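Input: a single structure, listed below in C-alpha coordinates.
The values are calculated or read from the model by the stated rules, or taken from the named source; none is laboratory data. None of these values were measured; they are calculated from a predicted model. We place every Cβ from the backbone using ideal geometry, glycine too, and count neighbours over all the protein chains shown. Surface accessibility is based on the protein's heavy atoms, side chains included, excluding ligands, DNA and RNA. Shrake-Rupley method; radii C 1.70, N 1.55, O 1.52, S 1.80 Å.
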Amino acid sequence: IVILIHLFGNSLLKTGIETAASKTLNVGVKIDDMDFSILGGKVSFQNLVIDNPPGYKHDRLLEVGDARIAVSTGSLLKDTVHIKEIMLDNVNVVLEQRGVSGNNLQDVIKSIPKEEEAEPEDETKKAAKKLHIDNLELTNITVRAKLLPIPGKKDTVTLKLDPIRITDLGSDDKLDVAKLSGKILLGIVTGVAKQGAGH
(Lines give C-alpha, C1' and ligand atoms only; values in the text may rest on other atoms or scores of the structure.)
Protein backbone atom coordinates (compact mmCIF):
# COMPACT_ATOMS: atom_id res chain seq x y z
CA ILE A 1 0.00 0.00 0.00
CA VAL A 2 2.81 2.39 0.89
CA ILE A 3 4.50 1.71 -2.47
CA LEU A 4 1.23 2.30 -4.37
CA ILE A 5 0.66 5.56 -2.50
CA HIS A 6 4.21 6.62 -3.29
CA LEU A 7 3.81 5.78 -7.00
CA PHE A 8 0.28 6.98 -7.65
CA GLY A 9 -0.85 8.99 -4.63
CA ASN A 10 0.13 12.45 -5.86
CA SER A 11 -1.37 12.01 -9.31
CA LEU A 12 -4.62 10.55 -7.96
CA LEU A 13 -4.99 13.29 -5.35
CA LYS A 14 -4.16 15.97 -7.93
CA THR A 15 -6.76 14.62 -10.37
CA GLY A 16 -9.35 14.30 -7.62
CA ILE A 17 -8.89 17.88 -6.43
CA GLU A 18 -8.95 19.26 -9.98
CA THR A 19 -12.13 17.34 -10.80
CA ALA A 20 -13.95 18.24 -7.57
CA ALA A 21 -12.94 21.92 -7.76
CA SER A 22 -13.95 22.18 -11.43
CA LYS A 23 -17.36 20.68 -10.64
CA THR A 24 -17.86 22.97 -7.65
CA LEU A 25 -16.85 26.20 -9.41
CA ASN A 26 -18.17 25.29 -12.87
CA VAL A 27 -14.89 26.41 -14.46
CA GLY A 28 -11.62 24.64 -15.21
CA VAL A 29 -9.15 24.11 -12.35
CA LYS A 30 -5.57 22.90 -12.84
CA ILE A 31 -2.61 22.23 -10.53
CA ASP A 32 0.99 22.10 -11.80
CA ASP A 33 2.59 20.11 -9.00
CA MET A 34 1.44 18.47 -5.79
CA ASP A 35 3.02 16.62 -2.89
CA PHE A 36 1.48 15.02 0.16
CA SER A 37 2.42 12.95 3.17
CA ILE A 38 -0.42 10.69 4.24
CA LEU A 39 1.28 9.93 7.57
CA GLY A 40 2.25 13.53 8.24
CA GLY A 41 -1.15 14.87 7.19
CA LYS A 42 0.42 17.52 4.96
CA VAL A 43 -0.48 18.53 1.40
CA SER A 44 1.29 21.16 -0.67
CA PHE A 45 0.85 22.26 -4.24
CA GLN A 46 2.16 24.88 -6.64
CA ASN A 47 0.47 26.96 -9.31
CA LEU A 48 -3.21 26.28 -8.90
CA VAL A 49 -5.11 27.99 -11.73
CA ILE A 50 -8.84 28.73 -11.86
CA ASP A 51 -10.17 29.59 -15.31
CA ASN A 52 -12.49 32.48 -16.10
CA PRO A 53 -16.15 31.77 -16.85
CA PRO A 54 -17.12 31.88 -20.54
CA GLY A 55 -17.57 35.31 -22.10
CA TYR A 56 -14.64 37.08 -20.45
CA LYS A 57 -11.52 38.34 -22.18
CA HIS A 58 -8.87 36.79 -19.95
CA ASP A 59 -8.31 33.04 -19.67
CA ARG A 60 -7.63 33.00 -15.93
CA LEU A 61 -9.56 34.29 -12.96
CA LEU A 62 -7.22 33.31 -10.13
CA GLU A 63 -3.80 31.78 -9.57
CA VAL A 64 -2.30 30.52 -6.30
CA GLY A 65 1.48 30.18 -6.38
CA ASP A 66 1.89 28.07 -3.25
CA ALA A 67 -0.48 26.29 -0.91
CA ARG A 68 0.06 24.28 2.27
CA ILE A 69 -2.60 22.27 4.04
CA ALA A 70 -2.23 20.48 7.38
CA VAL A 71 -4.83 17.82 8.18
CA SER A 72 -5.46 15.77 11.30
CA THR A 73 -4.98 12.30 9.79
CA GLY A 74 -7.19 10.67 12.41
CA SER A 75 -10.19 12.60 11.07
CA LEU A 76 -9.86 11.47 7.44
CA LEU A 77 -12.14 8.46 7.99
CA LYS A 78 -14.71 10.44 9.97
CA ASP A 79 -17.70 12.41 8.68
CA THR A 80 -15.95 15.71 9.50
CA VAL A 81 -12.35 16.25 8.39
CA HIS A 82 -10.31 18.39 10.77
CA ILE A 83 -7.97 20.73 8.87
CA LYS A 84 -5.50 22.49 11.13
CA GLU A 85 -4.60 25.16 8.61
CA ILE A 86 -4.80 26.18 4.97
CA MET A 87 -2.13 28.64 3.81
CA LEU A 88 -2.50 30.17 0.33
CA ASP A 89 0.40 32.40 -0.77
CA ASN A 90 1.08 34.47 -3.90
CA VAL A 91 -2.57 34.82 -4.87
CA ASN A 92 -3.13 36.66 -8.16
CA VAL A 93 -6.63 37.62 -9.28
CA VAL A 94 -7.88 39.20 -12.50
CA LEU A 95 -11.16 40.93 -11.68
CA GLU A 96 -12.89 41.65 -14.97
CA GLN A 97 -15.95 43.88 -15.15
CA ARG A 98 -18.80 43.05 -17.51
CA GLY A 99 -21.77 45.36 -17.69
CA VAL A 100 -22.63 47.87 -14.99
CA SER A 101 -22.69 45.54 -12.00
CA GLY A 102 -21.39 42.12 -13.09
CA ASN A 103 -17.89 40.65 -12.95
CA ASN A 104 -16.18 37.29 -13.30
CA LEU A 105 -15.62 36.74 -9.57
CA GLN A 106 -19.29 37.27 -8.78
CA ASP A 107 -20.29 34.96 -11.63
CA VAL A 108 -18.21 32.11 -10.18
CA ILE A 109 -19.58 32.70 -6.66
CA LYS A 110 -23.16 32.63 -7.97
CA SER A 111 -22.52 29.35 -9.81
CA ILE A 112 -21.36 27.48 -6.67
CA PRO A 113 -24.14 24.97 -5.87
CA LYS A 114 -26.12 25.63 -2.73
CA GLU A 115 -26.83 22.80 -0.30
CA GLU A 116 -30.58 23.19 -0.75
CA GLU A 117 -30.19 22.70 -4.52
CA ALA A 118 -29.21 19.04 -4.07
CA GLU A 119 -31.93 16.46 -4.61
CA PRO A 120 -33.03 14.58 -1.45
CA GLU A 121 -32.03 11.28 -3.05
CA ASP A 122 -28.58 12.55 -4.01
CA GLU A 123 -26.44 10.01 -2.13
CA THR A 124 -23.22 11.72 -3.26
CA LYS A 125 -24.27 14.89 -1.49
CA LYS A 126 -25.26 12.95 1.62
CA ALA A 127 -21.86 11.25 1.70
CA ALA A 128 -19.88 14.45 1.19
CA LYS A 129 -17.34 15.15 3.92
CA LYS A 130 -17.82 18.14 6.20
CA LEU A 131 -14.85 20.32 7.06
CA HIS A 132 -13.66 21.99 10.24
CA ILE A 133 -10.79 24.41 9.61
CA ASP A 134 -8.88 25.99 12.48
CA ASN A 135 -7.07 28.62 10.41
CA LEU A 136 -7.30 29.81 6.79
CA GLU A 137 -4.90 32.46 5.49
CA LEU A 138 -4.34 34.14 2.13
CA THR A 139 -1.16 36.20 1.79
CA ASN A 140 0.56 38.28 -0.91
CA ILE A 141 -2.70 38.93 -2.76
CA THR A 142 -2.57 40.99 -5.96
CA VAL A 143 -5.73 41.96 -7.84
CA ARG A 144 -5.73 43.44 -11.33
CA ALA A 145 -9.17 44.99 -11.74
CA LYS A 146 -10.20 45.42 -15.37
CA LEU A 147 -12.87 48.11 -15.30
CA LEU A 148 -15.30 49.39 -17.89
CA PRO A 149 -13.57 52.02 -20.06
CA ILE A 150 -14.26 55.59 -18.91
CA PRO A 151 -12.73 58.55 -20.80
CA GLY A 152 -9.85 60.07 -18.85
CA LYS A 153 -9.53 57.18 -16.38
CA LYS A 154 -7.42 54.02 -16.29
CA ASP A 155 -9.26 50.87 -17.25
CA THR A 156 -6.94 48.68 -15.14
CA VAL A 157 -6.22 49.16 -11.43
CA THR A 158 -3.71 47.00 -9.52
CA LEU A 159 -4.48 46.44 -5.85
CA LYS A 160 -2.36 44.83 -3.13
CA LEU A 161 -4.73 43.36 -0.58
CA ASP A 162 -4.07 42.96 3.11
CA PRO A 163 -3.69 39.33 4.23
CA ILE A 164 -7.02 37.56 4.71
CA ARG A 165 -7.40 35.37 7.78
CA ILE A 166 -10.48 33.40 8.84
CA THR A 167 -10.55 31.12 11.89
CA ASP A 168 -12.80 28.35 13.22
CA LEU A 169 -14.57 27.58 9.95
CA GLY A 170 -17.15 24.81 10.04
CA SER A 171 -17.76 24.80 13.79
CA ASP A 172 -21.49 24.56 12.96
CA ASP A 173 -20.81 21.32 11.02
CA LYS A 174 -22.19 22.85 7.80
CA LEU A 175 -18.99 23.57 5.89
CA ASP A 176 -18.24 21.58 2.76
CA VAL A 177 -15.90 22.15 -0.20
CA ALA A 178 -18.46 24.30 -2.04
CA LYS A 179 -19.05 26.59 0.94
CA LEU A 180 -15.31 26.82 1.60
CA SER A 181 -14.71 27.91 -2.00
CA GLY A 182 -17.41 30.55 -1.64
CA LYS A 183 -15.94 31.89 1.61
CA ILE A 184 -12.46 32.22 0.06
CA LEU A 185 -13.79 34.09 -2.97
CA LEU A 186 -16.04 36.30 -0.84
CA GLY A 187 -13.02 37.15 1.32
CA ILE A 188 -11.24 38.37 -1.81
CA VAL A 189 -14.31 40.40 -2.85
CA THR A 190 -14.37 42.06 0.59
CA GLY A 191 -10.65 42.81 0.37
CA VAL A 192 -11.09 44.38 -3.07
CA ALA A 193 -13.94 46.57 -1.79
CA LYS A 194 -11.82 47.69 1.15
CA GLN A 195 -8.59 48.38 -0.74
CA GLY A 196 -10.30 49.69 -3.86
CA ALA A 197 -12.18 52.51 -2.18
CA GLY A 198 -11.18 55.75 -3.84
CA HIS A 199 -9.59 54.16 -6.91
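Based on the Kirkwood radius over alpha-carbon pairs, what value in µm²/s does the Stokes-Einstein equation return for the translational diffusion coefficient of region 36-122 at 37 °C and 0.692 mPa s?
Values: Rh = 15.8 Å.
Translational diffusion coefficient: 208 µm²/s.
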Per 0.36 nm of contour for each residue apart, how much would the distance between Lys57 and Asp162 grow if the chain were fully extended, relative to their Cα-Cα spacing? 35.1 nm
Rounded to whole Hz, the Karplus (6.51, -1.76, 1.60) HN-Hα couplings of region 171-186, x for glycine and proline: 5, 8, 6, 10, 8, 10, 4, 4, 5, 4, 4, x, 5, 5, 5, 5
So, with points 7 Å from each Cα along the Cβ direction, the Lys194-Lys42 label distance in nm works out to 2.9 nm
Point-to-point label distance, Asn26-Leu76, nm (Cα→Cβ direction, 7 Å offset): 3.3 nm
Per residue, how large is the accessible surface of region 9-74? Use a 1.4 angstrom probe and give square angstrom. 54 Å²
